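Only one structure is covered here, and it is reproduced in the block below.
Read-outs throughout are calculated quantities, based only on the coordinates presented, and are distinct from any laboratory measurement. Because the structure is predicted, anything quoted here is derived from the model rather than measured. Counting neighbours? That spans all protein chains shown, and the Cβs are built from the backbone with ideal geometry, glycine included.
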Amino acid sequence: MSARTVIKGGTIVTADRSYDADVAIEGGKIVEIGQNLSGGKVLDAEGCYVMPGGIDPHVHLEMPFMGTHSADDFESGTRAGLAGGTTMVVDFCLPSPGQSMLEALEAWHAKSKRACADYSFHMAVTWWSEQIFDEMQMVVDHGINSFKHFMAYKGALMVEDDELFDSFRRCAAIGALPMVHAENGDVVATMQQKLLADGITGPEGHGMSRPPEVEGEATNRAIMIADMAGVPLYVVHTSCEQAHEAIRRARQKGMRVYGEPLIQHLVLDESEYRNPSWDHAAQRVMSPPFRDEANQQSLWAGLQAGSLQVVATDHCAFSIEQKRYGIEDFTKIPNGTGGLEDRMPVLWTEGVNTGRLTPNEFVAATSTNIAKILNIYPQKGAVLEGADADLVVWDPEKTKVISAETQQSVVEYNVFEGREVKGLPRYTLSRGEIAVDNGTVCATAGHGKFVTRAPYPEVNKALSKWKEVTAPRKVVRDPENMPACV
Ligand code: URP
Ligand code: ZN
Ligand code: ZN
Ligand code: ZN
């Protein structure tokens, strides 16, 4: 039997067009797109859309954080992704303060060995020194072209403005993309202490300590620093109008600033923190917190207008027991929620089925835009000959009710519990291997490979050229031949 697989009878949906064609796969790659293709194994895509597999650029698997580790590891996390049509994730490598980036990178490579789907890492700048300055180039040489900066989590991951500026300038020099978690960590820390002193110890205090202002302020600040440094900027988990407005304004001025709403922020709101159940509210504690309806509308508008480009999850799941570390003090509730399995079905249901997004815009927001931003397009994020066969055969009629009972994540609850979704994978393929077959997850641990990402995407090249053209230059005056002052 031929080692060729053919996806037959579907409609190919990419970020820029939709058309009917079959897709042939061999050796993990798309080898042919056309009519009436044949091959050894045939997957029926009748009534389905054949789309690039999702890329979730923001996950934390087995993340050391707030005195514990997030519960899903690379195996359960990537299984969850595949179950929902996501074929690649990007995790964050986090050196502890004082630790070498290269040493942390080795640890991340070790723990990702059992991944079921392809993955990559962003490197976090968690402290600053000449060593880090030097290591950033080596990290780029190891296939990582993005560096994350936390402007929040004071006393832990947070970096100061001078460090941001130094690091952003270094990113410009080595062709890398800086990213920020934009919240004013000093203001959050003070607000937390004030709320605790006022007797607000429950999870509702989490949202109160991190209002949209702290996110809007930090987003503006990061944008200004990136502009001064001459680099593009990627703002993770953009959750509110104030941050979106800063990104919109920067883009209107010609700056390359990208914003990433999370599926949680698009559909869940701040009322979750007022739930009479402590567990329910604590399970929804993440940063930034869920917002009100006006902020949610702003995020949808951004996806429609193109001022926000990517929908991610920030998947960082903690068990009920872990969440209860903060039973007496909301600042000790581990921050994070799951979402990897649900991102695409929930976005399709709330985005495409409502007419907010076209199927092509859905593909752009879940896959193609981030592939371009991270410089892995068209290896990923494309249905093209020569691209990796990371594909999802999407059945727009398939429904389910989301439940922790049937999910792949190891945690005992789901923030989308009870929500009905319409639009699910019939098949998910990871480099040609069938990982989901009609609702059954048959992914293989260890199949996932590290995806290297080269530096200097086109935007970085254009920006450094522009910075050079517009660099400050001295006025050369000839004292021997100076005209008279008029
Ligand atoms: O609450 C969150 N978002 N937890 C994960 C870490 C981060 O800030 O992205
Ligand atoms: Zn964050
Ligand atoms: Zn509940
Ligand atoms: Zn995160």
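State whether segment 116-183 is rounded, prolate or oblate according to the following rule on the C-alpha gyration tensor (a ≥ b ≥ c being the square roots of its eigenvalues): a/c under 1.5 gives rounded; otherwise a/b larger than b/c gives prolate, and the remaining case gives oblate.
Note, shape of segment 116-183 comes out oblate.
Computed packing ranks the peptides 279-285, 323-329 as 279-285, 323-329, most packed first, by mean other Cβ atoms within 10 Å. Using only alpha carbons, segment 332-401 has a radius of gyration to Kirkwood radius ratio (Rg to Rh) of 1.04.
Charged neighbours of Ile200, selected by a Cβ distance under 15 Å, balance to -1 (K, R count +1; D, E count -1).
One chain, two ends: Glu397 and Met228. Fully extended at 0.36 nm per residue, the span grows by 56.0 nm beyond their Cα-Cα distance.
Packing around the peptides 415-422, 174-181, taken as the average count of other Cβ atoms within 10 Å per residue, puts them in this order, highest first: 174-181, 415-422.
Sorted on the mean count of surrounding Cβ atoms within 10 Å across their residues, most packed first, peptides 470-478, 232-240 read 232-240, 470-478.
Per residue, the convex hull around the alpha carbon atoms of segment 138-271 comes to 118 Å³. Helical content alone sets the calculated 222 nm signal of the chain at -9000 deg cm²/dmol, taking -39,500 (n - 2.57) per DSSP H segment of four or more residues and averaging over every residue. Taking a ≥ b ≥ c as the square roots of the eigenvalues of the Cα gyration tensor, segment 48-204 is oblate, since a/c reaches 1.5 or more and a/b is not larger than b/c.
Net length available on complete extension from Arg17 to Asp292 is 95.6 nm, with 0.36 nm assigned per residue and the Cα-Cα distance removed.
Charge dipole of the chain (Cα centre as origin; +1 on each Lys and Arg Cβ, -1 on each Asp and Glu Cβ, all else neutral): 1020 debye, rounded to the nearest 20.
Working note: Karplus 6.51/-1.76/1.60 with θ = phi - 60° gives segment 333-341 the couplings 6, x, 7, x, 9, x, x, 3, 6 Hz, where Gly and Pro are set to x.
Judged by the gyration tensor of its Cα atoms, with axes a ≥ b ≥ c, segment 182-243 is prolate; a/c meets the 1.5 cut and a/b is the larger of a/b and b/c.
Taking K and R as +1 and D and E as -1, what net charge do the other residues with C-beta under 14 Å from the C-beta of His122 add up to?
-2
If you average over every viewing direction, what projected area does the convex hull of the Cα atoms of the chain give, in nm²? Intermediate values should be presented prior to the final figure.
On the way: hull surface 109.0 nm².
Computed as one quarter of the Cα hull surface, the answer is 27.3 nm².
Relative contact order of the chain, please, whole-number percent, based on alpha carbon pairs below 8 angstrom and at least 6 residues apart. Walk me through the intermediate numbers first.
On the way: 1139 pairs, mean separation 102.4, N = 486.
About 21 percent, as a whole number.
Placing pseudo-labels 7 Å out from each Cα toward the beta carbon at Glu417 and Lys113 gives an inter-label distance of 3.6 nm.
The residue list Asn414, Gly386, His315 was ranked by how far each Cα lies along the charge dipole of segment 289-431 toward its positive end, using unit charges on Cβ atoms, and Gly386 comes out on top.
Counting every pair of alpha carbons in segment 289-419, the share spaced more than 23 Å apart comes to 45 percent.
Taking 0.36 nm per residue of separation and subtracting the Cα-Cα distance, full extension of the segment from Asp161 to Gln304 would add 48.3 nm. Calculated FRET efficiency, Asp198 to Ser100, Cβ-Cβ distance, R0 = 41 Å: about 0.45 to the nearest 0.05.
Model label points for Lys41 and Glu480, set 7 angstrom from Cα along the Cα-to-Cβ axis, are 8.0 nm apart.
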